[in-house]
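See structure below.
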Amino acid sequence: MGKKSDLRFLRMILILMLCFSWGCTASARSRMMVNSMKPLIESINIAARKNIDIEIVRDSMPMGLLQMDGLIEASPDDKFLLATAAENYHAYAFFFVEPENKDASEGLYLRSRNYAFRALNQNTEYKKAGDGSLEDFTTSLESFEKEDVPALYWAAASWLAWMRVSHSSGLETMIAFPKIEAMMDRMLVLDETWNYGAVHVLMGAYYSHIPDSFGGNYDEVASHFNEAFEISESKYLLWHVFYAQYYTFAVQDKKLFIESLNYVMSAPEDVFPEEVFANLVAKQKAERLLKDTDLMF
């Protein structure tokens with residue numbers, strides 16, 4: 001153990017001694033323990049991304065989500081925990097639940113969105129503007145920094161996903177779209193490279209649903225996807241699946257649809273070892289979409 005590690009360890013022991021000697025409450029001790037677990041939680045997420053067994057990940061996620069809920073109960077204002085829970089609930093819904101049961105995924109996406117909102121609402125400017133005008137809401141987003149991008153992303157992505165599968169979003173959908181667009185614009189400024197260019201893909205998928213006749217711009221949609229391909233070096237295969245599913249379908253380019261999905265299917269499984277799980281799921285999704293080609297075009 002190096003000097004820096006020794007000092008960190010000694011500081012932790014000192015804090016624990018002070019806490020118990022001064023009569024810390026059980027909740028305070030729980031929060032301190034949970035807050036110290038960030039490296040472990042990050043390591044678990046990294047291991048899951050590298051896992052080559054889709055079934056193991058799928059079967060283990062529900063228990064992991066319950067454990068995450070418990071950690072948040074102990075430390076309800078931890079922004080890292082809240083953003084991580086939002087990511088994991090969204091991932092479970094997207095990868096495993098929605099393809100089999102769209103109705104069952106609604107509550108999971110909503111939970112993901114609400115966890116992300118809880119992280120964002122710790123910014124007092126944003127919280128005050130949350131139910132206000134679009135102008136005030138957009139202005140409040142300027143108070144966020146690069147470190148807030150994960151919470152912003154999962155809030156926007158899960159909000160959109162929830163509206164996609166929900167039977168009850170109604171009027172909220174019309175009110176939400178401009179705010180989600182403002183959130184995506186802010187993320188683009190803060191860190192367009194986060195998570196292999198995820199915000200570009202989110203924007204590409206979102207704007208692909210807006211026809212030219214309603215102000216849409218398919219060239220801009222293609223540009224967002226191309227930016228994500230460049231940032232990820234075309235190794236994160238889910239982006240190519242979304243490109244086929246949203247952009248090529250929107251412009252009704254059957255040839256490009258098939259080419260994009262065949263690119264995914266032919267890519268080596270180890271093309272991106274750090275994200276092998278997502279790439280294996282991408283191959284599954286590409287295979288299903290290829291089977292539905294004649295239904296989509």
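The values are calculated or read from the model by the stated rules, or taken from the named source; none is laboratory data. Quick caveat, the model's predicted, so the values are computed rather than measured. When we count neighbours, we look across all protein chains shown, and the Cβ atoms used for this are built from the backbone with ideal geometry, even at glycine.
Do we have any residue at all in region 275-294 that's surrounded by fewer than 13 Cβ atoms within 10 Å (Cβ to Cβ) and polar (S, T, N, Q)? There is no residue in region 275-294 that is surrounded by fewer than 13 Cβ atoms within 10 Å (Cβ to Cβ) and polar (S, T, N, Q).
Cβ-Cβ contacts under 8 Å between residues 6 or more apart (or on different chains), taken from a first residue in region 269-297 that is over 21 Å from E55 (Cα atoms) to a second residue that is buried (at least 19 other Cβ atoms within 10 Å of the Cβ), are listed as L290/L261; T293/F257; M296/F257; M296/L289; F297/F257.
Looking across region 56-67, just one residue is exposed (fewer than 13 other Cβ atoms within 10 Å of the Cβ) and either among the basic types (K, R) or over 21 Å from Y109 (Cα atoms) (or both), and that is I56.
Please identify the pairs in which a residue from region 37-48 that is farther than 17 Å from N195 by Cβ has its Cβ atom under 6 Å from the Cβ atom of a residue that is surrounded by 11 or more Cβ atoms within 10 Å (Cβ to Cβ), counting only partners at least 6 apart or on another chain. Once the first residue is farther than 17 Å from N195 by Cβ and sits in region 37-48, its partners that are surrounded by 11 or more Cβ atoms within 10 Å (Cβ to Cβ) give K38/F80. For region 80-117, a residue qualifies if it is of a type in the set (K, R), surrounded by fewer than 22 Cβ atoms within 10 Å (Cβ to Cβ) and modelled with pLDDT of 95 or more, and exactly one does: R111. With respect to G70, is the statement that it is among the small types (G, A, S), more than 22 Å from Y206 (Cα to Cα) and surrounded by fewer than 20 Cβ atoms within 10 Å (Cβ to Cβ) true? For G70, the condition - among the small types (G, A, S), more than 22 Å from Y206 (Cα to Cα) and surrounded by fewer than 20 Cβ atoms within 10 Å (Cβ to Cβ) - is met. Can we say C24 is assigned to a helix (DSSP H, G or I) and modelled with pLDDT under 90? No: the conditions fail for C24. Filtered by the rule that a residue be crowded, with 19+ Cβ neighbours inside 10 Å, of a type in the set (D, E, K, R) and in contact with a His (Cβ under 7 Å, 6 or more places away or on another chain), region 185-239 gives a lone residue, E227.
Here F137 meets each of (1) of a type in the set (A, V, I, L, M, F, W, C); (2) buried (at least 20 other Cβ atoms within 10 Å of the Cβ); (3) part of a helix (DSSP H, G or I) with one exception, condition (2). Applying a threshold of 7 Å to beta carbon distances and a minimum spacing of six or more residues, or different chains, the list of pairs starting in region 103-125 at a residue that is within 14 Å of L152 (Cβ to Cβ) and ending at one that is among the charged types (D, E, K, R) reads A119/K79; N121/K127; Q122/D77; Q122/K79.
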